[in-house]
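Step one of this worksheet: look at the structure below.
The values are calculated or read from the model by the stated rules, or taken from the named source; none is laboratory data. The model shown is predicted, which means the values in this text are computed figures rather than measured ones. Here the Cβ is made from the backbone with ideal geometry for all residues, glycine too, and neighbour counts use every protein chain on show.
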Amino acid sequence: MKQRQLGRSGLQVSALGMGCMGLSFGYGPGVDRAAAVQLIRQAVDRGVTFFDTAEAYGALNEEMVGEALAPVRDQVVIATKFGFKDGNAMSGVDSRPERIRAVVDNSLKHLRTDRIDLLYQHRVDPQVPMEDVAGAVKELIAQGKVRHFGLSEAGPESIRRAHAVQPVAALQSEYSLWWREPEQQILPLLEELGIGFVPFSPLGKGFLTGAITAQTEFSPDDFRNVVPRFSVEARQANQALVQALSDIAASRQATPAQVALAWLLAQRPWIAPIPGTTKPQRLDENLAAADLLLSADDLKRIAEVLERVPVQGARYPEHLAARVGR
Ligand SMILES: NC(=O)c1ccc[n+]([C@@H]2O[C@H](COP(=O)([O-])OP(=O)(O)OC[C@H]3O[C@@H](n4cnc5c(N)ncnc54)[C@H](OP(=O)(O)O)[C@@H]3O)[C@@H](O)[C@H]2O)c1
């Protein structure tokens, strides 16, 4: 697996990481602990060194990551996140320094480790000045409990304020063929400051793979039930995008998922996407995208499709949209 540097932080990760959320959170029931541990170890065997979890995905999620990676702890980069009230994304944000310290101590236990390689603030907390958040993480770094600081879905001003107190190694925000807003202000800012970028939902929460249609029924606790972009009408309309991408993929003997990931890798050398899956064969399929080099002509064809086929539906319901870009 090819390696990438997250900006000028000195943090090196595999070009594709593994998003572990869906193993037990967000998209229905997930898989049992033994299967999750096995899948994470499969990723390690394929050369993945970058693993993503969060307090908000539940203690079990961090525990599965910790159990799977304990035998290879020194060879991998473990990223987790703090920032929600009682660790529950539904309860609102909470980045008070005392809470950050408590979350880190819990995460270290769940992850069976003595340091978190990359600690992200999951969402900006308007009640806590960013300087205080960055200051709290800076202290944790000085204590050796954390190695690098990250932000998620933060806006340009928050990124600058955080970076001035404690250099930010990576921003983790949504970025994919169907959500390209970061291209406007965020990517140029990260380039300027030397911050790496970790696109989450790089497969459009599964939609860009072609495996989801208007007929797909999500389980009742699947987050996509409340996402406007996953309404039946939006799925119907957005199928045109997937079809066009599938044609381009076929011309390269690749799958749409692989094209979606290779496209992200082609945008900047300091980008490391973290696709998620619960299935061994899809893990292998996705990881093979690290070796798919899109040509200038491929990228031009993709750009033409994106220009021609507008995406329908908001990426978040209103109450959650208010939390991003602050
Ligand atoms: N910072 C944040 O706020 C935030 C928000 C969301 C996610 N994340 C992180 O980003 C990671 C990835 O994002 P994500 O899980 O939201 O979305 P994603 O990686 O874009 O897509 C995951 C979905 O795609 C399906 N899938 C994966 N590979 C596939 C393939 N080759 N063919 C068909 N379907 C495929 C998976 O289903 P199966 O399991 O059935 O394969 C799953 O439903 C998460 O695990 C999490 O760590 C962070």
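Being in a helix (DSSP H, G or I), within 15 Å of the ligand (Cβ to nearest atom) and either charged (D, E, K, R) or within 18 Å of the chain's Cα centre (by Cα) (or both), is that true of even one residue in segment 233-246?
yes
Take the residues in segment 164-179 that are surrounded by fewer than 23 Cβ atoms within 10 Å (Cβ to Cβ) and more than 14 Å from the ligand (Cβ to nearest atom); name whichever of them is nearest to Leu140 (Cα to Cα).
Gln166
Return yes when Leu69 is part of a helix (DSSP H, G or I) and touching a Phe, Trp or Tyr at 6+ places or on another chain (Cβ under 8 Å) and no when it is not.
For Leu69, the condition - part of a helix (DSSP H, G or I) and touching a Phe, Trp or Tyr at 6+ places or on another chain (Cβ under 8 Å) - is met.
Residues Val311, Val232: which one is β-branched (Val, Ile, Thr), touching a strand residue (DSSP E or B) at 6+ places or on another chain (Cβ under 9 Å) and more than 24 Å from Ser24 (Cα to Cα)?
That would be Val311, the only listed residue that is β-branched (Val, Ile, Thr), touching a strand residue (DSSP E or B) at 6+ places or on another chain (Cβ under 9 Å) and more than 24 Å from Ser24 (Cα to Cα).
Restricting the search to segment 247-275, which residues are assigned to a loop (DSSP other than H, G, I, E, B), under 20 Å from Glu191 (Cβ atoms) and away from the ligand (no atom under 13 Å from the Cβ)?
Arg268, Pro269, Trp270
Of all residues in segment 14-33, how many are outside any helix (DSSP H, G or I), closer than 22 Å to Phe197 by Cα and either within 13 Å of the ligand (Cβ to nearest atom) or more than 18 Å from the chain's Cα centre (by Cα) (or both)?
Counting residues in segment 14-33 that are outside any helix (DSSP H, G or I), closer than 22 Å to Phe197 by Cα and either within 13 Å of the ligand (Cβ to nearest atom) or more than 18 Å from the chain's Cα centre (by Cα) (or both) gives 5.
Please go through segment 72-92 and pick out each residue that is among the aliphatic types (A, V, I, L, M), surrounded by fewer than 20 Cβ atoms within 10 Å (Cβ to Cβ) and either farther than 15 Å from Arg115 by Cα or in contact with a Phe, Trp or Tyr (Cβ under 9 Å, 6 or more places away or on another chain) (or both).
The answer is Met90, and nothing else.
Could you list, in sequence order, the residues of segment 101-131 that are surrounded by 22 or more Cβ atoms within 10 Å (Cβ to Cβ) and over 16 Å from Ala79 (Cβ atoms)?
Passing the criteria: Val124, Asp125, Met130.
If only one of Leu6, Leu11, Leu23, Leu16 is buried (at least 22 other Cβ atoms within 10 Å of the Cβ), touching a strand residue (DSSP E or B) at 6+ places or on another chain (Cβ under 7 Å) and modelled with pLDDT of 95 or more, which one is it?
Leu6
Can you confirm whether segment 186-194 contains a residue that is in contact (Cβ under 8 Å) with a residue 24 or more places away in the chain, exposed (fewer than 14 other Cβ atoms within 10 Å of the Cβ) and within 22 Å of the chain's Cα centre (by Cα)?
Checked segment 186-194: at least one residue is in contact (Cβ under 8 Å) with a residue 24 or more places away in the chain, exposed (fewer than 14 other Cβ atoms within 10 Å of the Cβ) and within 22 Å of the chain's Cα centre (by Cα).
Tally up the residues in segment 301-326 that are under 27 Å from Val93 (Cβ atoms) and touching a residue at least 40 places away in the same chain (Cβ under 8 Å), please.
Adding up the residues that qualify gives 9.
Please specify each residue of segment 295-326 satisfying the condition of being assigned to a loop (DSSP other than H, G, I, E, B), under 23 Å from the mean Cα position of the chain (by Cα) and not aliphatic (A, V, I, L, M).
Gln312, Gly313, Arg315, Tyr316, Pro317, Arg323, Gly325, Arg326
Step by step: first the residues of segment 212-232, then only those that are over 19 Å from the mean Cα position of the chain (by Cα) and among the acidic types (Asp, Glu), then the one that is surrounded by the fewest Cβ atoms within 10 Å (Cβ to Cβ). Which residue is that?
For segment 212-232, the residue satisfying everything is Glu217.
Working only within segment 34-66, note down all residues that are assigned to a loop (DSSP other than H, G, I, E, B), of a type in the set (Gly, Ala, Ser) and surrounded by fewer than 23 Cβ atoms within 10 Å (Cβ to Cβ).
Gly47, Gly58
When the residues of segment 180-215 are narrowed to those that are small (Gly, Ala, Ser) and more than 14 Å from Phe230 (Cβ to Cβ), which ends up nearest to the ligand (Cβ to nearest atom)?
Gly210
I'd like the full set of residues that are outside any helix (DSSP H, G or I), farther than 23 Å from Phe223 by Cα and of a type in the set (D, E, K, R), limited to segment 86-102.
Within segment 86-102, Arg96 is the sole residue that qualifies.
Would you be able to tell me the number of residues in segment 107-136 that are more than 16 Å from the ligand (Cβ to nearest atom) and touching a helix residue (DSSP H, G or I) at 6+ places or on another chain (Cβ under 7 Å)?
9
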